[in-house]
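Encoded as structure tokens, the structure appears first; notes follow it.
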Amino acid sequence: AGMAPFALGLLAWNALRFGSPFGSGYTDAFQATYFDPALSDSIPRLLLSPGRSLFAFSPLLLLGLAGWRGLARARRTEALLCLTLLLLDLGFYAAIRNWSTPTAWGPRYHHFCAVLLSIPLAYWIDGALRRGGRSRLLVPLLLLAGLVYQVVPGLTEHARDTTVAQGSWSLAGSQLAL
């Protein structure tokens, strides 16, 4: 009930601006093609491509995948909830055609995935600290890799006018090309 005035205000604004309370400003042709059910192409791009993927920009999150087992052993319900939310978020945003635009710097919309992968990452780090050994070195190395991958191209004149396909799978269109 507390949000009702804001919701009504947004509906009124949309009606005034776009001619319909439920209008968004996107054309009908664009909205009809906004979602693309071909997840077999977009999910690998989101997770693995050198130019736009979550793991290229935040390689430390790869250790979050390794931490799922520890999280599931300690807190099974929370692990299932995190995994479910992660898969829903990934599936929904992977279905959006423009999840990555030519000028996007990294994977758009996936901040929530990063947060969800950080939870099992904490379990992996805890286990690595308890075990000792060289596995503890992965955390600073992956943090440094992510920092270099993001900062160095930002300090140079990285070409941002690549197509999504070039920026996703081509090293020449990724941040690695300086």
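Observations, loosely collected:
- For the peptides 115-127, 68-80, 9-21, the ranking by packing is 115-127, 68-80, 9-21, with the highest mean count of neighbouring Cβ atoms within 10 Å listed first.
- Extension gain, R130 back to A95 (0.36 nm per residue minus Cα-Cα distance, nm): 8.6 nm
- Taking a ≥ b ≥ c as the square roots of the eigenvalues of the alpha carbon gyration tensor, region 104-143 is oblate, as a/c is not under 1.5 and a/b does not beat b/c.
- Fully extending the segment from L141 to A7 would add 43.6 nm, taking 0.36 nm per residue of separation and subtracting the current Cα-Cα distance.
- Accessible area expressed per residue, region 32-90, with surrounding protein chains retained (probe 1.4 Å, Å²): 54
- Amide H partners (placed H, <5 Å) of I96, local residues excluded: D36
The values are calculated or read from the model by the stated rules, or taken from the named source; none is laboratory data. Just so it is clear, the structure is predicted and the values come from calculations on it, not from any experiment. Positions of Cβ are generated from backbone atoms using ideal geometry, with glycine treated the same way; all protein chains shown enter the neighbour counts. Quick note on the areas: whole protein, heavy atoms, side chains included, nothing else; ligands and nucleic acids left out. Shrake-Rupley method; radii C 1.70, N 1.55, O 1.52, S 1.80 Å.
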